[in-house]
Each structure stands twice: as structure tokens, then as C-alpha cells.
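This report refers to the structure that appears directly beneath it.
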Amino acid sequence: MANDLGSSSQLRQLSRYMVRHLGMLNAAVGDLPLSPVQAHALLEIGNQPQTIKDLANKLSIDKSNASRAIKHLIDKHLAQSQMHPRDSRCLVVQLTPAGKKLLAKLDNQQNQLFKEILAQLTPDQIQHIEQALMQYNQAIHKTKQQSGCIIRVASATDDAAIAQVIRDVSAEYGLTADKGYSVADPTLDCLSQIYSQAGAQYWVVEYEGKVVGGAGIAPLANNAGICELQKMYFMPEIRGKGLAKRLALLALDFARQTGYQSCYLETTAILKEALKLYEHLGFYPLSAPLGNTGHDACEIPMLLPLQPE
């Protein structure tokens with residue numbers, strides 16, 4: 001956890017430095033009569049005419065801030081508004097010839113700045129930075145999507161709710177109890193007891209006061225140093241927000257700190273999204289299952305090394 005806090009602090013510091021050095025705290029962008037928000041508004045409107053709502057969403061600002069930026073551009077004759085062709089209650093803003101001219105200056109200024117920055121880096125370094133920034137931006141986007149979702153360690157009061165989640169999701173995918181899936185486990189209604197043992201933990205996702213997902217780590221019986229990623233299920237309303245990856249990373253971090261050498265799991269080809277996530281996390285398929293979990297219908301056993309060799 002200390003390393004995580006250190007990485008977080010360093011990343012925050014680097015992000016602050018980038019904002020400062022790129023001039024985002026200045027009153028104007030370079031030598032142009034535009035604030036950073038107005039410059040971003042000019043760029044977005046230049047790409048495509050915008051409503052205030054659309055612009056606010058694209059710039060991740062509130063509508064009043066977007067409205068002020070648009071008013072400034074209109075007052076300076078850099079933009080003009082007209083009635084939305086399909087909604088008379090909305091105005092659409094587009095650039096004037098003067099706005100397009102100023103946008104060209106802004107593009108030239110920013111292109112020159114980044115040309116000078118990239119001149120300090122090798123092609124490989126540029127590629128690595130692009131990839132890292134793409135991942136960073138995706139993480140920021142997922143964080144916003146997960147707003148309102150609470151991840152916490154499960155307690156006994158969550159037993160009935162998470163058991164119902166597992167049953168509902170299993171039924172949705174046809175993972176019935178008679179086929180040997182985890183929904184048939186006799187301990188399904190008392191998971192808090194199972195995950196209270198040493199080296200085990202279960203987390204739930206709570207959304208709008210309701211438990212809507214979860215995942216756990218527990219030691220794999222008769223396999224010293226190996227844990228198992230277990231019972232990772234999510235209701236439809238929170239899928240597509242990156243919570244499965246976030247919960248899996250949380251579980252794997254717990255496993256590393258606990259001292260496990262490897263993490264094992266069993267899944268099925270029916271769960272295509274889950275299988276894709278496991279592969280993305282570095283799990284690789286095994287030729288045969290480890291131990292005897294009782295989940296005979298899960299035909300794909302996988303393993304992930306947790307500690308550096």
C-alpha cells in the first residue's frame with residue numbers, strides 16, 4: 001500500500017507539472033486573446049458545431065462555464081449561434097471566419113510548442129508516452145463512469161445480497177447449479193464466513209445503496225503459495241464501467257501483499273468478457289486444472305504469476 005501511495009503522489013505531482021508547464025494556469029494561451037477554457041471551446045467548435053450541453057460534456061466542465069466561454073467567443077465575433085435544426089429550444093454554435101482564422105493561429109502555436117517538446121525525445125520514448133497517456137486518459141474516463149459506486153470489504157450483512165447477485169448473473173448466462181458452476185456451492189449463502197479465513201478476502205460493489213457485484217481471493221486447497229480469484233459477478237447496471245478490472249486489480253494486489261506466488265482461476269468460454277479481461281491481466285491457460293474446486297463445468301483453468309522471478 002505504501003508503494004501505491006508513493007506512485008499516486010508522484011503521478012499527481014507530474015500531472016500538476018504538466019498543467020503548469022503547458023500554460024493551463026495562465027490567463028491567456030500564449031499570445032492569443034483566449035483563456036485555456038475558451039481555447040478548448042474554440043477547438044471543439046472548430047471540429048464540429050456544438051450546443052452548450054455538448055461542449056460542457058466534451059470539456060468536462062459545468063454548463064455555466066461552457067456558456068461563459070461561448071458568450072466570450074460570440075462577443076468577440078469569433079463564433080455565432082443559430083437555432084438547432086431539430087430542437088428549437090437549443091442553440092448551436094459555430095465559428096465565424098474570424099474564429100476560424102484565430103483557430104488556425106492557435107493550431108500553429110500549439111503545433112510549434114509540441115514540436116519543440118517532442119524534439120527532446122526519441123521515437124521510442126514518444127511512442128511509450130503516447131501509450132501511457134492513452135491508458136491514463138482511459139483510467140480517468142473509467143473513474144468518472146464509476147462515480148457513485150462504492151467498493152468495500154464484504155460483511156455478514158452482505159451475504160444474502162451477493163448470493164442473489166451470483167444466482168441472478170449465473171441464470172442470465174445459463175450457468176445453472178446442475179452443471180457444476182459456483183452457483184451450486186453449498187457455502188454460497190455464507191460467503192463472509194468463507195472469506196474470513198487467513199489469506200482470504202471478498203469485496204462487494206455497492207451502487208445506490210444496493211450490492212450489485214463482487215469478487216474474492218482465497219487460498220487454493222492443497223496448493224501452497226497459490227490463491228484463487230473467485231466469484232466475480234456483476235449485475236447489468238454496472239457493467240462496462242471498468243469495475244471488473246478494478247476489482248480484479250484490487251484482489252491481485254491483496255494476493256501479492258499476502259505473499260501468494262500465483263493466482264489461479266477457472267472460467268468458461270461462455271463468459272467472453274471475463275475471459276478477455278483475464279487474458280489482458282496476464283492469466284494464461286493451463287492444460288489441466290489445479291486441485292479439485294468442484295467446478296467441473298469451468299473448462300478453462302488459468303494461472304497468473306504474482307511475484308517477480
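The values are calculated or read from the model by the stated rules, or taken from the named source; none is laboratory data. These numbers come from a predicted model, not from an experiment. Cβ: placed from backbone, ideal geometry, glycine included. Neighbour counts: every protein chain shown.
Summary of computed values
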| quantity | calculated |
| --- | --- |
| Test result for ALA218, surrounded by 14 or more Cβ atoms within 10 Å (Cβ to Cβ) and assigned to a helix (DSSP H, G or I) | no |
| Boolean, THR157 is out of contact with any helix residue (DSSP H, G or I) (no Cβ under 8 Å at 6 or more places or on another chain), exposed (fewer than 14 other Cβ atoms within 10 Å of the Cβ), in the same structural domain as ALA248 (by TED's automatic domain parsing) and assigned to a helix (DSSP H, G or I) | yes |
| Region 180-233, residues that are acidic (Asp, Glu) and either outside the structural domain of ALA255 (by TED's automatic domain parsing) or within 18 Å of VAL153 (Cα to Cα) (or both) | ASP189, GLU206, GLU208, GLU228 |
| Check on ILE74, among the aliphatic types (A, V, I, L, M), in the same structural domain as LEU103 (by TED's automatic domain parsing), touching a Ser or Thr at 6+ places or on another chain (Cβ under 8 Å) and surrounded by fewer than 17 Cβ atoms within 10 Å (Cβ to Cβ) | yes |
| Filter pass, LYS53 being closer than 23 Å to ILE140 by Cβ, surrounded by 13 or more Cβ atoms within 10 Å (Cβ to Cβ) and either at pLDDT below 95 or within 35 Å of the chain's Cα centre (by Cα) (or both) | no |
| Residue that is of a type in the set (A, V, I, L, M, F, W, C), outside the structural domain of ALA39 (by TED's automatic domain parsing) and not in a helix (DSSP H, G or I), where the choices are LEU175, LEU91 | LEU175 |
| Residue ID - nearest to ASP189 (Cα to Cα), chosen from residues in region 114-154 that are among the hydroxyl-bearing types (Ser, Thr, Tyr) and surrounded by 11 or more Cβ atoms within 10 Å (Cβ to Cβ) | THR143 |
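Here's the yes/no breakdown for (1) farther than 25 Å from THR187 by Cβ; (2) over 20 Å from the mean Cα position of the chain (by Cα); (3) surrounded by 14 or more Cβ atoms within 10 Å (Cβ to Cβ):
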{"residue": "GLU237", "(1), (2), (3)": "yes, no, no"}
{"residue": "ALA244", "(1), (2), (3)": "no, no, yes"}
{"residue": "ALA251", "(1), (2), (3)": "no, no, yes"}
{"residue": "ALA255", "(1), (2), (3)": "no, yes, yes"}
{"residue": "SER262", "(1), (2), (3)": "no, yes, yes"}
{"residue": "TYR278", "(1), (2), (3)": "no, no, yes"}
{"residue": "TYR284", "(1), (2), (3)": "yes, yes, no"}
{"residue": "PRO289", "(1), (2), (3)": "no, yes, yes"}
{"residue": "LEU303", "(1), (2), (3)": "no, yes, yes"}
